[in-house]
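The values are calculated or read from the model by the stated rules, or taken from the named source; none is laboratory data. Source: prediction; values computed, not measured. Quick reminder, even Gly has a Cβ in these numbers, built from the backbone with ideal geometry, and neighbours come from all protein chains shown. Side chains are part of the model used for accessible areas, which takes the heavy atoms of the whole protein and leaves out ligands, DNA and RNA. Shrake-Rupley method; radii C 1.70, N 1.55, O 1.52, S 1.80 Å.
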Amino acid sequence: MVQRFLDPTVLTSISSLELVAKTVVEGFVAGLHRSPNFGFSQEFAEYQAYSPGDDLRHIDWNVFARTERAYLKKYRGETNTLLTVLLDASNSMKYTSHAVTKMDYARYMAASLFYLTGVTQRDAAGLIVFDDELREYIRPSTRQGQLHRLLSALEHAEPRARTDYAKPIHHFQDFLRRRGFVVIISDFYDQPDTIVRTLEPLRFHGNEVILFHVLDPQEIQPKLNAPSTLVDMETQETMEVTPDYARTEYRAKMDAHLQALRDRAQGAGMDYYLMVTDRPLDDALREYLTMRQGRL
Amino acid sequence: MGFLAPWFLAGAAALGLPLYLHLLQRHQTTPRSFSSLMFFERRTQSSIKHRRLRYWLLLSLRLAVLLLLALAFANPFINRSAASMASDRLLLVVLDDSFSMRAGSRLADAKRDALSVLHARKPSERAQVMALGSQLAVLTQATQDAGELRSAVESIGPGDSRASFGELGRAIRAMAEGIATPIELDLFSDLQKSAMPASFAEMALPANVSLVLHDVSKDAVPNWTIESVDAPGQVWDPKKARVEAVVAGYHTPAATRTVSLAVNGKTVAMRTVALAANGRTSVEFQGLDVPYGFSRCEVRIDSADILPADDVSLFAVERSDPRRVLFVHEPSDSRSPLYFHAALDAGAEEAFAMDTIAVEQTTNANPSPYALVVISDVLSLPAPFEQQLQKYVQGGGSVLVAAGTSAAHRPRVPLFDERIVGPHYYSSEGERFLTVGASDPSYPFVDKAGRLEGIKFYFAVSVDPGNAQVISRLTDQTPLLLEKKMGEGRVLLLASGLDNLTNDFPLHPSFVPFVEQTARYLAGIENRSGARVVDSFLDLRTAKEQSVGVEVIDPDGRRPLSLKEAATTKTYQLSRAGFYQLRLANGRQDLVGVNPDRRESDLDVMPDDVLALWRGNANAAPEQALVAPSQPAQEQKKPDSLWWYAVLLLLIAAVAESVVSSHYLGTQREGP
């Protein structure tokens with residue numbers, strides 16, 4: 001049941017992006033078998049024996065009254081993190097070989113992250129939509145209505161133009177004032193070195209950078225039964241290709257590209273995850289939560 | 001190789017279409033959007049090359065389909081020599097078994113020659129045997145069985161029909177339409193000139209038939225024959241019967257011949273006639289003393305020629321007593337019995353004997369012995385006699401009623417029992433007289449009497465036709481002749497008199513045939529001839545005589561009709577010469593003498609130029625018109641059509657193209 005609602009194909013039948021995000025997140029949360037340990041309120045963690053020099057305000061006097069021993073009551077730290085999603089809205093994100101385009105998949109993923117952070121964890125979340133320009137910027141905030149603004153921006157983010165990471169990242173650095181999580185959702189059709197070199201400054205500012213590489217199954221393993229003329233969705237370049245090439249050389253090149261991007265990202269301290277649009281969204285959510293848990 | 005319709009080869013220009021589509025036209029695939037071509041390389045050249053190689057088979061098949069289609073329409077053929085086609089040809093052996101083949105040893109010679117031709121053929125060659133008379137009789141199917149072919153030839157006996165080369169040509173043309181292979185037609189015949197049709201086109205043969213003529217005649221030989229016999233079919237007074245025969249000679253010198261008349265095998269009269277060279281003369285036998293009933297008669301000539309079968313002419317004669325006619329008239333009317341009796345005697349050849357009686361003497365008269373009763377313009381009939389007449393008609397008798405001026409004031413016509421509308425005295429009116437306006441010529445007494453045209457009617461009684469059938473009307477539409485069926489008999493009404501007061505009919509030439517035919521019609525006596533010609537047809541029954549059995553006994557005493565045929569068949573073809581005994585559907589017995597067509601007696605052969613033309617070798621020398629069986633058509637080139645092969649290949653190529661193209665196109669459809 002949970003998987004059915006997390007299936008991207010099923011999600012396309014839900015028109016409201018908020019409902020999509022709610023369905024994904026609540027379905028994902030319900031599917032976890034342990035109590036979530038990522039509350040935002042102050043939570044008791046453990047008792048620690050008092051040692052001189054410790055702050056007396058943290059002594060649990062009730063325990064002292066019962067045991068006449070001084071224990072410090074330790075709480076899990078309350079940390080509000082900041083999530084910024086960089087969404088690639090170039091034309092190549094329109095591609096699909098089945099019901100869900102890469103852009104839709106990216107929207108669902110971003111919306112689910114926003115819902116998870118904004119509603120469940122009360123974190124500040126912001127959005128940057130870019131192609132070769134910075135098209136939309138919503139400052140990370142926890143204000144009332146922030147979630148709706150983010151989802152609205154996602155809904156209005158239609159793919160166009162081509163991808164250029166340099167200019168939006170440059171502007172983005174101007175907006176960064178606080179450390180946080182930077183999630184980049186893109187198909188990363190560029191040279192891995194160029195991508196990582198462009199994104200490295202984000203990491204230098206102390207951000208945790210996560211690359212969600214969204215690809216269609218046909219982009220990884222294209223299947224052509226006859227010689228075909230392909231049109232680049234970003235450059236409009238046409239090219240006649242053969243099934244043999246798509247079956248052999250293309251796949252080798254794509255695999256090398258994916259491997260290089262993963263290696264270069266991890267080398268730069270970034271997390272990289274390949275998201276194929278026919279797979280459920282919970283992988284992305286789990287990855288994000290795992291990282292947040294580990295880094296905080 | 002040639003083409004019967006070479007202009008259709010222009011359709012081969014359509015070959016350019018698949019060439020253009022496959023090779024010249026750049027392959028147009030629907031462009032497909034892809035997110036990025038970053039990892040693709042342009043492989044256009046290899047792609048087109050691959051596609052061309054892949055569609056090479058389809059292109060070849062499409063070119064083949066178009067080329068074969070154009071070829072099929074152009075109807076290609078190759079000229080093959082007859083010798084090269086010998087294994088394919090059909091040997092058609094046709095033997096003439098007409099009456100003239102009885103002359104000398106012609107039929108035996110023809111059969112011997114036919115057997116030798118069949119023996120000389122290759123064992124693999126198919127042959128068929130037929131017999132030619134007035135029809136072409138198929139004796140075997142096309143077969144290689146030498147025994148069957150030999151038996152068929154040996155089974156052919158002398159016939160009595162007249163040969164018809166026109167029928168041969170028609171049958172061979174019909175047969176050749178269904179046979180694509182060459183046909184060698186070997187005709188064994190005396191090639192009688194009289195067997196030629198009126199038009200040479202009727203005996204023309206198709207192009208794939210080569211004619212080989214085997215003439216078994218010995219040129220034109222002298223032959224005398226009884227060309228025709230004019231004899232009555234019925235005789236009432238033997239002394240007055242007359243037989244006239246015509247004796248003819250073909251290619252004969254002047255000679256004296258004896259002609260005899262025989263009745264039931266006994267010669268009753270002989271005449272010696274002198275015949276000029278190639279001449280004909282008539283011989284008359286006065287009186288034909290035959291016994292009552294049917295007699296078999298023949299006229300014979302002592303010809304001593306090679307065709308003795310045509311020296312005799314058969315005919316049958318039936319002798320019977322004259323039919324009695326009762327003529328009833330007013331005592332004051334002496335004209336009508338006079339005219340009627342005179343006409344009956346003149347026209348009916350003693351077939352009728354007329355009794356005249358005044359109307360007041362009919363009280364105790366009995367009409368039943370009479371074949372016909374005539375009531376001529378009587379004022380009234382005695383009631384007992386009228387009742388007798390009604391019984392007589394109901395039982396199958398016939399009455400002729402003439403309604404003259406005596407009937408003018410009566411309300412109804414006696415016996416005919418239809419209302420009299422009123423009299424028409426045309427002589428006192430402006431027209432003075434009327435003539436016949438419309439007549440039904442299907443009645444013999446109307447047809448033979450010239451449709452009663454030119455007769456002036458000064459008086460007529462207008463009778464309401466009622467249930468009667470109007471045969472003739474005057475120009476003012478007054479019914480003149482009416483027929484009414486009453487029970488088994490019939491009554492014929494003439495709405496005018498039989499005297500020359502109410503009309504001038506008795507003085508008119510058509511009165512005699514009218515009286516004679518009316519008497520025959522009403523008495524049920526037909527004009528019969530006791531002689532027929534072979535292959536003529538006998539009417540066995542009328543449309544009203546269905547499911548009544550008939551009987552035919554042929555000259556050999558056999559019954560050729562099966563029980564089913566005897567109950568249903570309407571006509572019978574007289575295929576043999578001799579006497580046929582008949583029992584017709586109306587119960588009447590009959591005897592018919594059947595003679596061969598006398599044109600068979602003229603043994604003159606067809607001219608050489610006609611024979612050469614028939615063989616399709618009009619320019620050949622006359623002595624080459626007739627050639628040996630092994631020589632013909634060896635140097636002759638015959639077009640052998642390749643149309644079937646082209647169509648067969650076209651079908652195969654079309655099916656293969658469909659399979660291949662559906663495979664390719666199906667693959668493309670399945671693609672994303």
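General observations
- Quick note on the range B:390-506: its Rg to Rh ratio, both from C-alpha atoms and Rh being the Kirkwood radius, is 0.96.
- Convex hull volume per residue for the range B:443-581, taking Cα atoms only, in Å³: 142
- Average beta-carbon neighbours from other chains, 10 Å sphere, peptide A:89-101: 2
- Accessible area buried between chains A and B, both sides summed, probe 1.4 Å, in Å² to nearest 100: 2800
- P(r) tail, the range B:158-255: Cα-Cα pairs separated by more than 17 Å, 68% of all pairs.
- Projected area averaged over orientations for the range B:260-301, convex hull of C-alpha atoms, nm²: 3.3
- Range of Cα positions in the protein assembly as shown per principal axis (Å), largest first: 183, 85, 60
- Isotropic mean projected area of the C-alpha convex hull, the range B:82-156 (nm²): 5.0
- Residue-averaged beta-carbon neighbours from other chains (10 angstrom radius) around A:235-244: 6
- Extents of the range B:307-369, largest first, come to 66, 24, 8 Å (Cα atoms, principal axes, whole angstrom).
- Here the accessible area of the protein assembly as shown is 51 percent carbon and sulfur, with a 1.4 angstrom probe and all protein chains present.
- Rg to Rh quotient for the range B:66-198, alpha carbon positions, Kirkwood Rh: 1.06
- Rounded to the nearest 20 debye, the dipole magnitude of the protein assembly as shown is 3560 debye, with +1 charges on Lys and Arg beta carbons, -1 on Asp and Glu beta carbons, and the Cα centre as origin.
- Under 5 Å between amide hydrogens, built in the peptide plane, is the criterion, and for B:VAL413 it picks out B:GLU418, B:ILE420 among residues at least 5 positions away or on other chains.
- Among the residues of the range A:200-225, those with an accessible-area drop of 40 Å² or more from chain alone to full protein complex, heavy atoms and 1.4 Å probe, are A:ASN225.
- In sequence order, calculated HN-Hα J values of the range B:492-499 (Karplus, 6.51, -1.76, 1.60; Hz; x Gly/Pro): 10, 10, 9, 7, 7, x, 9, 9
- Size of electric dipole in the range A:101-217: Cβ of Lys, Arg +1 and of Asp, Glu -1, about Cα centre, debye, nearest 20: 600
- Antiparallel content of DSSP bridges confined to the range A:83-188, in %, to 5: 30
- Taken about its Cα centre, chain B carries a charge dipole of about 3640 debye when Lys and Arg each add +1 at the Cβ and Asp and Glu each add -1 at the Cβ.
- Summarising the amide proton neighbourhood of B:MET270: residues at separation of 5 or more, or on other chains, whose placed amide H is nearer than 5 Å comprise B:LEU261.
- From most to least packed by mean Cβ count within 10 Å, the peptides B:181-187, B:91-97 give B:91-97, B:181-187.
- Per-selection Kirkwood Rh - the range B:268-324 (Cα, Å, 1 d.p.): 13.9
- Per-residue Karplus couplings for the range B:451-456, computed as 6.51 cos²θ - 1.76 cosθ + 1.60 with θ equal to phi - 60°, are listed in order as 6, 6, 6, x, 8, 9 Hz, Gly and Pro entered as x.
- For the peptides B:252-260, A:182-190, B:361-369, B:604-612, the ranking by packing is A:182-190, B:604-612, B:252-260, B:361-369, with the highest mean count of neighbouring Cβ atoms within 10 Å listed first.
- If the convex hull is drawn through the Cα atoms of chain B, its volume per residue in Å³: 301
- Once the 1.4 Å probe is applied to the protein heavy atoms, the protein assembly as shown comes out at 47 Å² accessible per residue.
- Counted charge near B:TYR426, where neighbours are those whose Cβ lies closer than 10 Å (Asp, Glu -1; Lys, Arg +1): -1
- What the phi angles of the range A:125-134 give under the Karplus curve with 6.51, -1.76 and 1.60, with θ = phi - 60°, is a coupling list of 10, x, 9, 10, 9, 9, 10, 9, 9, 8 Hz, glycine and proline written as x.
- For the peptides B:136-146, B:264-274, residues were scored by their other Cβ atoms within 10 Å and the scores averaged per peptide; the highest-first order is B:136-146, B:264-274.
- Antiparallel content of DSSP bridges confined to the range B:390-528, in %, to 5: 80
- Percent of Cα-Cα distances greater than 14 Å, calculated over the range A:82-157: 56
- Chain B: DSSP helices with Cα axial extent of at least 24 Å and average Kyte-Doolittle hydropathy no lower than -0.5: B:56-74, B:643-670
- Pairs over the 29 Å Cα-Cα cut-off, from the set A:LYS94/A:LYS253; B:LYS240/B:LYS485; B:LYS240/B:LYS391; B:LYS240/B:LYS570: B:LYS240/B:LYS485; B:LYS240/B:LYS391; B:LYS240/B:LYS570.
- In this structure the amide hydrogen of A:ARG135, modeled in the peptide plane, comes within under 5 Å of the amide hydrogens of A:VAL129, A:PHE130, none closer than 5 places in sequence on its chain.
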